[in-house]
1. Which number in (1) under 26 Å from residue 136 (Cα atoms); (2) without any contact (Cβ under 8 Å) to a residue 12 or more places away in the chain marks the one condition that residue 12 misses?
2. Looking at segment 169-184 only, could you name the residues that are under 21 Å from the mean Cα position of the chain (by Cα) and either part of a loop (DSSP other than H, G, I, E, B) or farther than 25 Å from residue 62 by Cβ (or both)?
3. Can you name the residue in segment 29-81 that is crowded, with 16+ Cβ neighbours inside 10 Å and free of Cβ contacts under 8 Å to residues at least 24 places away in the same chain and is also nearest to residue 153 (Cα to Cα) among such residues?
4. Kindly indicate which of 84, 103, 160 is more than 23 Å from the chain's Cα centre (by Cα), crowded, with 18+ Cβ neighbours inside 10 Å and at pLDDT 95 or above.
5. Given (1) within 13 Å of the ligand (Cβ to nearest atom); (2) touching a strand residue (DSSP E or B) at 6+ places or on another chain (Cβ under 9 Å); (3) assigned to a loop (DSSP other than H, G, I, E, B), where does residue 146 come up short, assuming only one miss?
Ligand SMILES: Cc1cc2nc3c(=O)[nH]c(=O)nc-3n(C[C@H](O)[C@H](O)[C@H](O)COP(=O)(O)O)c2cc1C
């Protein structure tokens, strides 16, 4: 993750390539229930204002607000319940207890990861971040005309990386592989 960006615009073609890559994300039942709310250049200030309502994230990430591209990843649970109610899936009762995990979040997370990886392929950096406090999210989505069936799982800032201070989370270090991999038995 990169949290500090240069004040430098992106090539429009690069933005298109990143978004096209995101749309190649795998999705359960090929529902494709994700959507992307995209802010470029000067539009990003309207995002920051609506998302953080005056409490700019400069405190925890100086240089983040210079990012020339912000993508808010959205997902629709209803799209998945409807898709799996179709004949080839057969969950016509739309009962959420059938789901072993909420695929609507999983798919949006996969698509977000593709944005991060596509950004790296373009020689850029990116940060996935949450929108806090969560009470700001409904007004953010309403302000930009997002239909009510969508919720936001987070936002991604993309841009040319500048020198990044090491954030507190990264100072935790990566857990040893042996602590997270359990071969054959935990
Ligand atoms: C779901 C999720 C939410 C995150 N939210 C934030 C955030 O709000 N602010 C932030 O600075 N980093 C955020 N991160 C980035 C993590 O801190 C980062 O991935 C972790 O420190 C490991 O660093 P690396 O991804 O650069 O290896 C988030 C990452 C994920 C996957």
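1. Unmet for residue 12, out of (1) under 26 Å from residue 136 (Cα atoms); (2) without any contact (Cβ under 8 Å) to a residue 12 or more places away in the chain: (1).
2. The first filter runs over segment 169-184 and keeps only residues under 21 Å from the mean Cα position of the chain (by Cα), leaving 169-170.
Result: 169, single match.
3. Checking each candidate, the answer is 48.
4. None of the others qualify; the one that does is 84.
5. (1)
The values are calculated or read from the model by the stated rules, or taken from the named source; none is laboratory data. Fair warning: this is a prediction, and the values are worked out from it, not measured in the lab. Virtual Cβ from ideal backbone geometry, glycine too; neighbours counted across all protein chains shown.
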